[in-house]
Amino acid sequence: MTRAPRRIAVLISGEGTNLQALIDAARDGTLGTQIAVVISNRAAARGLERARGAGIPARYLPATRGQDREAYDSLLAAEIAAHGAELVVLAGFMRILSARFVAALTGRILNIHPSLLPAYPGLETHRRVLDAGEPWHGATVHFVTEELDAGPAVIQYRLAVRRGDTTESLAERVHVGEHIILPRAVAWLAAARLSLQDGCVMLDGRALSQPVVIDEGSRAR
């Protein structure tokens, strides 16, 4: 008997535009699975409203004063398990996860990052790309490992930096790509087409020597 696609938990901290892309994909059937719960570490996260509007359980999980990272992540893991989610998607979740949490979910956590990793991990990627005069920019979906933004890349959206681009114009164009590649990677993972084996990304049974690339205005190759 074919196994049902694995349900996902989406972790957010803010506006939730990538969450909305996942909600839209679930609604039109291209995600191929269900969003079991949306969890935020910030009460004011707009993404919680998006989840509630779509009929998805939305939870605010605050960090208490003096609470260490592992204690918070233990509560986070319990919340995820309580909703029957097997996979975790970081869609703008602005907390660093503990090594124990990541290890327990190795190969089952994806993150979306606004750069062509391994270039420009961390924050303020659009400004840093412009300051460096880079010809290319984009976004990456990658498996999460203990090292920040350093897990194996699955799929990237790539765009040429234009003369006159600003941090705002770059952010807008990168967002377009994020909303394309994140649902695609999540659908692959939920359907067990995508996996992480001994640090190697496997897609449809084949090892990826480099991430799948979608260029702005073109289809995947």
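The values are calculated or read from the model by the stated rules, or taken from the named source; none is laboratory data. Note that the structure is a prediction, hence the values are computed from the model and not measured. Heads up, the Cβs are rebuilt from the backbone with ideal geometry, glycines too, and the neighbour counts pull from every protein chain shown.
Looking at (1) more than 25 Å from residue 4 (Cβ to Cβ); (2) of a type outside the set (Ser, Thr, Tyr); (3) out of contact with any strand residue (DSSP E or B) (no Cβ under 6 Å at 6 or more places or on another chain); (4) surrounded by fewer than 17 Cβ atoms within 10 Å (Cβ to Cβ), which is the one condition that is false for residue 197?
With (1) more than 25 Å from residue 4 (Cβ to Cβ); (2) of a type outside the set (Ser, Thr, Tyr); (3) out of contact with any strand residue (DSSP E or B) (no Cβ under 6 Å at 6 or more places or on another chain); (4) surrounded by fewer than 17 Cβ atoms within 10 Å (Cβ to Cβ) applied to residue 197, the lone miss is (1).
Among the residues of region 168-182, are any surrounded by 14 or more Cβ atoms within 10 Å (Cβ to Cβ), within 26 Å of residue 218 (Cα to Cα) and in contact with a Gly (Cβ under 7 Å, 6 or more places away or on another chain)?
Within region 168-182, one or more residues are surrounded by 14 or more Cβ atoms within 10 Å (Cβ to Cβ), within 26 Å of residue 218 (Cα to Cα) and in contact with a Gly (Cβ under 7 Å, 6 or more places away or on another chain).
Exactly one of (1) β-branched (Val, Ile, Thr); (2) in a loop (DSSP other than H, G, I, E, B); (3) modelled with pLDDT of 95 or more is unmet by residue 10. Its number?
Single failed check for residue 10: (2).
I'd like to know if region 33-42 contains one or more residues that are in contact (Cβ under 8 Å) with a residue 60 or more places away in the chain, loosely packed, with under 15 Cβ neighbours inside 10 Å, within 13 Å of residue 9 (Cβ to Cβ) and not hydrophobic (A, V, I, L, M, F, W, C).
no
Considering 58, 91, 26, 51, which residue is touching a residue at least 60 places away in the same chain (Cβ under 8 Å), under 24 Å from residue 141 (Cα atoms), crowded, with 16+ Cβ neighbours inside 10 Å and of a type outside the set (S, T, N, Q)?
91
Among (1) within 22 Å of residue 33 (Cβ to Cβ); (2) of a type in the set (D, E, K, R); (3) free of Cβ contacts under 8 Å to residues at least 24 places away in the same chain, where does residue 172 come up short?
With (1) within 22 Å of residue 33 (Cβ to Cβ); (2) of a type in the set (D, E, K, R); (3) free of Cβ contacts under 8 Å to residues at least 24 places away in the same chain applied to residue 172, the lone miss is (1).
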